[in-house]
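Chemist: There's a structure below that I have some questions on.
What follows is calculated from the coordinates using simple rules that are stated; it is not laboratory data. Everything numeric in this text was worked out from a predicted model, so none of it was measured. Note: ideal-geometry Cβ built from the backbone for every residue, glycine included; neighbour counts use all protein chains shown.
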């Protein structure tokens, strides 16, 4: 009989190699994706907010004849230069009906809309009321309130150019005005009321202002009311209010007052000597009896080696797994 010797084989679980290529690639991918997401959020948060859409109404309307069109736009812009917070409130009103009737009763509005951005342009009553005997009354009122370091200047005006060469009434103020106002300012009543026998009143308030923080454009009553006997009245007023930036309160610094110890006085006439202050033993490692710096270092090194040995032993047991 041949004796058979049994051999036992211990199967150890595979070790996780943190430096292996697949694991490193996964970790790098996760880190890269996280950084990309964070950068995207920062970019979106710091992006300059877009301005509200141009407010426009009453353009290209009522060109048959004998029709009336009355339109109003009111805008309030608010901007804080320190924080970048901006908003606007826009109110519109549009009324239609027979010519030369005021007020008209077929109206839409007033409608008020709030935006979290500035509204920087108002456009209305352009290419409208071109039929004979038509009438059109349009107005734009704007108040820009800015907190911070901003300046104001007279708003550029371009109006009453190529309009009403013959007719009953031509009342433009200023008349004419040819300053470039294609980006900022007031452009109105150009190329209008040329049908003969008409009247035109166009006023840009002399107090209208531009500001250094953002541009604002009004574009109204251009290429309109060119039928015979047509009448238009168009007005614009842009005002700017600049408020000082809020001051950051400064907390005063109170200096510390040193405390002087009070030494008790000896009784009058006493010749008894003053008791000397007790001498306290020096503190620190050097003054500890029987303990030297070398002994402390040896203790620390021994403790560290013992801890490392314990960690290695624990790791070996986990890798080997439970006993078979």
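Chemist: Among 145, 119, which is under 30 Å from residue 246 (Cα atoms) and surrounded by fewer than 17 Cβ atoms within 10 Å (Cβ to Cβ)?
Modeler: 145
Chemist: Restricting to the range 181-228, and then to whatever is more than 37 Å from the chain's Cα centre (by Cα) and either in contact (Cβ under 8 Å) with a residue 60 or more places away in the chain or within 30 Å of residue 80 (Cα to Cα) (or both), can you tell me which residue is surrounded by the most Cβ atoms within 10 Å (Cβ to Cβ)?
Modeler: 224
Chemist: Can you tell me which of 107, 95 is crowded, with 20+ Cβ neighbours inside 10 Å, free of Cβ contacts under 8 Å to residues at least 40 places away in the same chain and in contact with a strand residue (DSSP E or B) (Cβ under 6 Å, 6 or more places away or on another chain)?
Modeler: Answer to the selection: 95.
Chemist: Output the residues belonging to the range 158-175 that are surrounded by fewer than 16 Cβ atoms within 10 Å (Cβ to Cβ) and outside any strand (DSSP E or B).
Modeler: Listed by number, the residues that qualify are 162, 165, 166, 174, 175.
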